Structures are given as structure tokens and as C-alpha cells.
Amino acid sequence: MLEIRNLHVAIEDGSKKILNGLDLTIHNGEVAAIMGPNGSGKSTLSYVIAGKPDYEILDGEILLDGENLLEMEPDARAAAGVFLAFQYPLEIPGVATMTFLKAAMNAQSRARGEGELKTPDFMRRVKLGAEKLGIPQDMLRRGLNVGFSGGEKKRMEILQMALLEPSIAILDETDSGLDIDALKIVSEGVNALRSADRSFLVITHYQRLLNYIVPDTVHVMSNGRIVKTGGKELALELEANGYADYVSNVAA
Amino acid sequence: MVAVKETVEQVKELDVDQYKYGFSTDLEVDKAPKGLSEDIVRFISAKKGEPEWMLEWRLDAYRRWLTMTEPNWARVHYPKIDFNDSYYYAAPKKNAAPKTLDEVDPAILDAYKKLGIPLREQEILAGVQTSKVAVDAVFDSVSVVTTFKEELKKAGVIFCSISEAIKEHPELVRKYLGSVVPVTDNYYATLNCAVFTDGSFVYIPEGVRCPMELSTYFRINEKNTGQFERTLIIAEKGSYVSYLEGCTAPQRDENQLHAAVVELVTMDDAEIKYSTVQNWYPGDADGKGGIYNFVTKRGDCRGANSKISWTQVETGSAITWKYPSCILRGDNSRGEFYSIAVSNGMQQVDSGTKMIHLGKNTTSRIISKGISAGRSQNTYRGQVSAHRKATNARNFTNCDSLLIGEQCGAHTVPYLESKNASAVFEHEATTSKISEEQMFYCRQRGLSAEEATALIVNGFVKDVLQQLPMEFAVEAQKLISISLEGSVG
């Protein structure tokens, strides 16, 4: 279970406050969607959960199964089960995707005090996961994300998610830049990973993604806070009416 | 990833000091009096039991050296060197000329063992190492042992110390010594001609493919001692050899001078592949101590269709001043330079290559990867020139620099000169930083900061690592990671 309480966050140099007392609870097995206009702090929230160093935590706490994430390094959070699918996945030239996947999987199992994967087991898992997402084998030999299209990069994020088996997966605008076919493949990949002990935080601008990844809860974010919480029908309402009501609510 | 794991383990094994070769070996030594003079040159020559012609050659070089001035065009800074404040000869006392390994002082064997260099042929044959490598081990001023000599002899290959070659193969040494790097080539090379003490000699006869990798390990052990080694490799028509040198030194507070000269000659259709893993002591974090590495390396593609390839992994030394070069004299000859230069702490690197196109249809390729961290300065300096008669000369240069942190510098200084209209030179250069975004991405996937840096750097140098013989590529990869230890976080 992920619990965020009264979270206040500013950009590191203190110039701008982005999260203003955010509260959010996501139960095991729950798929929560966060929607909101540009600049409402959605991406910041995902970075702060994952531990990106550019932010200053002014107040509040983030607990994963009772453990305080804010006291942990980003790699320790990853080992504890936090996964962030990036909106803009980074390129690592010269590092074969396969090599990167193995390094990441081994680093996490080491951190958890488990043994490293045997190479044939690793290969089998990667091959199977790649097939499901329509990722060709030769892509796995290329430098990570180097020269990949937007859709390929997003699929690679989902493959990493599948292999790393997180307990909370955050998808930061995974639908941006995807055509409808890619969107379907990515969504199927995500749906296949839904389980009773894994929760999701799906960040998106548009309702479209939520037709494919159907959320249990929908939260509207504005000005660094959750201003409205509802079921999946809330997404449809937003699609029809826009964010204007919620934004002005806060302003008032 | 196995290499990353090894790197991390290796880094963990290191305690306070990250330079793991910093130990010194206590030995009784035979030293020349401190300083430099004609008498010292005579002393060295006498110690080596050299013939008269060699002494004359040295003295001539010494006299010329006195008239020369230290070059100052490189982007490196250091206090003026007092050449009289150093020892020019130091040899372990026991068994000055051992015939077999059993005669070598066990303390020296132990030192090489600590360095991870297998000298005992039985161990190598027993499968301690996967492939066979013949080793010439040079300790301070003398070669202490050369392995696999008998087996190489059967193939007609001569692999011995240069001191031995001067006595045993004077006709070859006289013919080739100084024929690639002339006596007056530059200040340090001339100094080397006067006072060089040992090094390796390789002769590959016509049509022979050397049956194993040859390698030399140089170790500076004595305090205040300069090491001036001299290496000469000759590949006759249609022959091939792959040669690797490795270098380490103990941790000392004072700076020590290393001024080597390496000459390579390839005749028609011959090929020499020369790899270096240089890990001299780089000095401490504040720039105290460390080796001044002033080296002249040059290969002469004398014959048609011949090829010389330099691969270097430079992680050590306080100052590196080194430009392994190729003279592409033979028609259709080819020169290659692959370099990884890592600088951290207060290290200064000014390194690159020269590709001199003289013959027709000559080609050259330069791939240089500079990695700067800490407060270091890392300069690539390269010259590519095409002579008037070098019709269809081709060069491709790619220089990439990677910066880690905010206080280091990377510089690229290419000189391109063509006197033939048909020459085509291409130059690409990039400078990048390990971005915080890349680091965060890797760490989000579970990698520690050290692991992430190692992974990104390994990706950056991949093209060059691939050029190294397999075993050395793994070693080099570890070395690079260790050299960058402490550069992040």
C-alpha cells in the first residue's frame, strides 16, 4: 500500500513550490489514475515518489507498506518495489538494452539479498516479455533507447516493468506520443501485470488511455493537491467538461 | 552484467586508497649515483655490458640532449624538473641476470603475483589463464624474466629484453634502433636514447604469425628513480604480432619520471597490433606525487599493405604526454589509433596521435574517448597530414569527450594538413556529460550511483574496448571503473 500524507514539495533551489499538502492512498491491487491540467504537479509527484534529487521535501511523508520512502536513495526505493515508467525515457549509448536489463535485475535482487539470475533464466524471461510487447530481438542488442521511436521507448519501459516486478508502478504519461496501435499494445502489457499485490499510479492528460487501462479510482490534481476523487466515471466527466471547474475551485 | 558486478566488487575491496598497485617491494638494489652526466651514461652502458657502438650512440644522444629544451606546447603544467635530482639506474641486487624463474628473487615474483601478472609458465599452461601470453617483466631498470622464450624460438620469433638483444642480435638492433624515432626527435626521446635501461625487443621473421600474445609489464619500484624503457618491434614481410604492455608503480609522494621510446617497423603485408594498459600511480587527490609519463611511440609502416594499430587505455600518471603515431610510408598501408584516456583527481592528460600519410592509398582511423572527472584536464591532440605524393589518403577521426562533474575540462586540438588534393579527411568530435537525468534513470532501475557511472562509461568506451584482446578488455574495464571511483556522489 502506498500512502502519501500532507506532501509539500518545492524545486530544490526553493524558487517554486509545486506540491501543496497532497494526500493520496493507493491500496494493493488498485489502479489509480491521476488527471489534471499542465503544471498541476503530476510529473513532480512521480519524480518525488521515485526519489529524483532535484526537489526539496518541505513536509509530509510517503510510505510504501509502512516504510518511509523519503529516507531512501532512488536505487533503494527501486529495490523496495517502486517503478517509474518515464515520460521521456533516457538514452544510454553503447550499453546494450540486454546488458542494462540484466544489470538492473541483478542490482535489485542483490539489494533484496536474493541470488542473481542465471543467464538462461534471464534470457528466457526477456525473450518472453519482449514477444508479448512486440519488441524485436535486435532491439535488445542495440544501445538502450538509442534511435528508438517514441512508441518503442514506451514499450521498453513496460518490458522493464514486467521484468522488475514492482509493487507500485507509476506510469508518467505513458500514452503521450503513442498511436492507437502502440497504445493498445502498451495497455495490454500493463493489464497483464495487474495483480492483487501490485498497484498502479497512472498519470495522464487524457481519458483515452483509461479506456484501455481501466482504473479503480480517478483523482483530479490541481495546484499540487488532489482536489477530487471518484470512480472511473470521473474520467469521462472530465473529458466532457474539462478541468475548469476544479482549477477555479482552487483559485476560489 | 558480469563486468559491472566485478567492478563493484573490486571497488568494495579497495579501502581508503583506490590505487591498488601502490605497494612497494623491499629489495636490495644496485643504484647509479644520483644525477645525470656522461659518467652516468657510461655507468649504465657498463652495467649492461654493452658494446662500444652502443655507448657511443648513447653519448652522442646525451650531448645532443644538453643542447635541447623541454617542449612546452602541451596543455599540462608542472614545476620544472631537476634532471639531476633523480636516479637513472636501479636494479634488484640479487641475481642481476637470472637465467630461469627459479633464480629470480622471490620478492620480485611476489610483486608480480600481487599485480596479477603470471610469470610462471607452468601456471599459465595449467590453465590459470585462458590463453597463452608470453611476458617480459621489467622491474625498475632491468628485465627480470621473459617467459615462453623456447617456444617462441621454435617459431623463429625473438622476444627478449633490449639489453639482451643488443648483445645477441646487434645487427638487428643497429639496423632498426632510432630508425623510426630519430635520436634528436624530441627532448624526452633524446634523453631516453642516452639513459634507457631496459625494455623489450621483438623480431617476427618473414611470414610468421606469432603463436601467442606478447606482453611486457613495467614496474617502477625504487624511489626517485626514472624509468626509461626502450621497445623495438620489427615485423618482417607478411608477419603478424599482437603485443601488450602494462605499467604500474608504487605510491610515492614525489613525482617520478617515465620517458619511454617505442619503435615499430612493419614490412610488406605485415601487421603489428600494440596495446597499452597504462596505470602508473596518478598521485593523490591533491595532486601530490605520481608519475610524469612523457612517452614517444611511433610506428613505421615501411612496407606496402602493412598495418600498425595502437590501442591504449590510459588511466594512470599525474601527467601524460603521449602521441602514438603511424608513418604510413608503404602504399596501401593502414594506421589505427584507439584510445581511452581517463583522468580523475588532479591528473593532466595531453594525448593523441599523428597519422603521417606518405604513400598512395594509405588509410588511417582514429577513435579517441576521453573521460574527465574530478579536477582533471584531458586534452586530445592529434595530427593528420597527407604528403604531396599521398594520393587518395583517407583519414577518419572521431573524438568523444565525456565529463563527469563540474570542475574538470576536456579539450580537443586537431591539426589537419593536406598537400594532396585527393586526400579526404573526416573529423567528428563530441563532448557530453553524464547527465543527472541519465543517472536518475539508472538508479530508478536499481543501480547504485557507482554502478550507474560504470555502466554509462563502459557504454561510452565500448568501441575502443572491443579492440583490446579479450582478457585485457575485462581488465581495462575494471581499471576504468576503479579510476573513476569517488568521482560521483
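The values are calculated or read from the model by the stated rules, or taken from the named source; none is laboratory data. No experiment lies behind these values; they were computed from the predicted model shown. Every residue, glycine among them, receives a Cβ derived from its backbone with ideal geometry; neighbour counts consider all protein chains shown. Keep in mind that these areas ignore ligands, DNA and RNA; they rest on the heavy atoms of the full protein, side chains included. Shrake-Rupley method; radii C 1.70, N 1.55, O 1.52, S 1.80 Å.
Could you tell me how many of the residues in segment A:169-206 are charged (D, E, K, R) and open to solvent by 70 Å² or more (accessible area, probe 1.4 Å)? Spell out the reasoning first.
Filtering segment A:169-206 for residues charged (D, E, K, R) gives A:172-173, A:175, A:179, A:181, A:184, A:188, A:194, A:197-198.
The next check asks that each one be open to solvent by 70 Å² or more (accessible area, probe 1.4 Å); those that pass are A:179, A:181, A:184, A:188, A:194, A:197.
Total satisfying the criteria: 6.
Output the number of the condition that residue B:400 fails; it satisfies all remaining conditions of (1) in a strand (DSSP E or B); (2) among the charged types (D, E, K, R); (3) away from chain A (no Cβ under 14 Å). So the condition that residue B:400 fails would be (3).
The single condition among (1) closer than 29 Å to residue B:282 by Cβ; (2) modelled with pLDDT under 90; (3) open to solvent by 20 Å² or more (accessible area, probe 1.4 Å) that residue B:102 does not meet is (1). State which residue is most open to solvent (accessible area, probe 1.4 Å) when the search covers only segment A:48-61 and only residues that are under 18 Å from the mean Cα position of the chain (by Cα) and within 12 Å of residue A:7 (Cβ to Cβ). Within segment A:48-61, the match that is most open to solvent (accessible area, probe 1.4 Å) is A:55. Just to be sure, is residue B:183 of a type in the set (A, V, I, L, M), at pLDDT below 80 and not in a helix (DSSP H, G or I)? Against the criterion (of a type in the set (A, V, I, L, M), at pLDDT below 80 and not in a helix (DSSP H, G or I)), residue B:183 does not qualify.
Here residue A:117 fulfils each of the conditions (1) more than 22 Å from the chain's Cα centre (by Cα); (2) at pLDDT 90 or above; (3) more than 10 Å from every other protein chain (Cβ to nearest Cβ) apart from (2). For segment B:460-470, a residue qualifies if it is surrounded by fewer than 21 Cβ atoms within 10 Å (Cβ to Cβ) and facing chain A (nearest Cβ under 7 Å), and exactly one does: B:462.
Taken over segment B:414-430, the criterion of being hydroxyl-bearing (Ser, Thr, Tyr), assigned to a strand (DSSP E or B) and more than 14 Å from chain A (Cβ to nearest Cβ) is satisfied by B:415, B:418. Of everything listed in (1) more than 14 Å from chain B (Cβ to nearest Cβ); (2) at pLDDT below 95; (3) closer than 30 Å to residue A:145 by Cβ, the single unmet condition for residue A:14 is (3). Residue B:433 fulfils the conditions (1) more than 27 Å from residue B:181 (Cβ to Cβ); (2) at pLDDT 90 or above; (3) open to solvent by 20 Å² or more (accessible area, probe 1.4 Å) except for a single criterion, (2).
What's the total number of residues in segment A:17-65 that are within 14 Å of another protein chain (Cβ to nearest Cβ) and either among the basic types (Lys, Arg) or touching a strand residue (DSSP E or B) at 6+ places or on another chain (Cβ under 9 Å) (or both)?
Taking segment A:17-65 first, the residues within 14 Å of another protein chain (Cβ to nearest Cβ) are A:43-44, A:46-55.
Checking which are either among the basic types (Lys, Arg) or touching a strand residue (DSSP E or B) at 6+ places or on another chain (Cβ under 9 Å) (or both) leaves us with A:43-44, A:46-52, A:54-55.
The qualifying residues number 11.
Within the span defined as segment B:403-423, every residue fails to be open to solvent by less than 10 Å² (accessible area, probe 1.4 Å), farther than 30 Å from residue B:286 by Cα and among the small types (Gly, Ala, Ser). Restricting attention to segment A:66-93 and to residues that are within 11 Å of chain B (Cβ to nearest Cβ) and charged (D, E, K, R), the residue that is nearest to residue B:462 (Cα to Cα) turns out to be A:91.
Do we find that residue A:102 is within 11 Å of another protein chain (Cβ to nearest Cβ), surrounded by 22 or more Cβ atoms within 10 Å (Cβ to Cβ) and free of Cβ contacts under 8 Å to residues at least 40 places away in the same chain in this structure? Reasoning before the result, please.
On the way: within 11 Å of another protein chain (Cβ to nearest Cβ): yes; surrounded by 22 or more Cβ atoms within 10 Å (Cβ to Cβ): yes; free of Cβ contacts under 8 Å to residues at least 40 places away in the same chain: yes.
It is true that residue A:102 is within 11 Å of another protein chain (Cβ to nearest Cβ), surrounded by 22 or more Cβ atoms within 10 Å (Cβ to Cβ) and free of Cβ contacts under 8 Å to residues at least 40 places away in the same chain.
Taking the conditions (1) within 24 Å of residue A:150 (Cα to Cα); (2) hydrophobic (A, V, I, L, M, F, W, C); (3) at the interface with chain B (Cβ under 10 Å from one of its Cβ atoms) in turn, residue A:107 satisfies each one other than (1). Filtering A:119, A:97 for residues that are in contact with a Leu (Cβ under 7 Å, 6 or more places away or on another chain) and not small (Gly, Ala, Ser) leaves a single hit, A:97. Among the residues of segment A:120-144, those identified as in a loop (DSSP other than H, G, I, E, B) and within 23 Å of the chain's Cα centre (by Cα) are A:133, A:134, A:135. Only one entry in B:454, B:473, B:390 is open to solvent by less than 20 Å² (accessible area, probe 1.4 Å), in a helix (DSSP H, G or I), closer than 24 Å to residue B:324 by Cα and out of contact with any Asp or Glu (no Cβ under 6 Å at 6 or more places or on another chain), namely B:473. Would you confirm, using the coordinates I've provided, whether residue A:168 is among the β-branched types (Val, Ile, Thr), in contact with a strand residue (DSSP E or B) (Cβ under 6 Å, 6 or more places away or on another chain) and more than 12 Å from chain B (Cβ to nearest Cβ)? It is true that residue A:168 is among the β-branched types (Val, Ile, Thr), in contact with a strand residue (DSSP E or B) (Cβ under 6 Å, 6 or more places away or on another chain) and more than 12 Å from chain B (Cβ to nearest Cβ). Among the numbered criteria (1) under 16 Å from residue B:218 (Cα atoms); (2) assigned to a strand (DSSP E or B), which one does residue B:317 miss? That leaves (2) as the condition not met. With the structure loaded, tell me whether residue A:96 is closer than 15 Å to residue B:442 by Cα, more than 22 Å from the chain's Cα centre (by Cα), more than 7 Å from chain B (Cβ to nearest Cβ) and crowded, with 17+ Cβ neighbours inside 10 Å or whether it fails that test. In short, yes.
Of the residues A:240, A:192, A:182, A:235, which single one is free of Cβ contacts under 8 Å to residues at least 12 places away in the same chain and either not in a loop (DSSP other than H, G, I, E, B) or not aromatic (Phe, Trp, Tyr) (or both)? Only one candidate passes the filter, namely A:240.
Take segment B:218-241 and flag every residue that is open to solvent by less than 10 Å² (accessible area, probe 1.4 Å) and modelled with pLDDT of 90 or more. Let's see the steps before the verdict.
Narrowing segment B:218-241 to residues open to solvent by less than 10 Å² (accessible area, probe 1.4 Å): B:218-221, B:225-235, B:239, B:241.
Residues satisfying the conditions are B:230, B:231, B:232, B:233, B:234, B:235, B:239, B:241.
Within segment A:4-18, residues that are on the phi > 0 side of the Ramachandran plot sit with their Cβ atoms under 8 Å from residues that are of a type in the set (D, E, K, R) and open to solvent by 50 Å² or more (accessible area, probe 1.4 Å), at 6+ positions apart or across chains, in these pairs: A:6/A:23; A:6/A:59; A:6/A:61; A:14/A:56.
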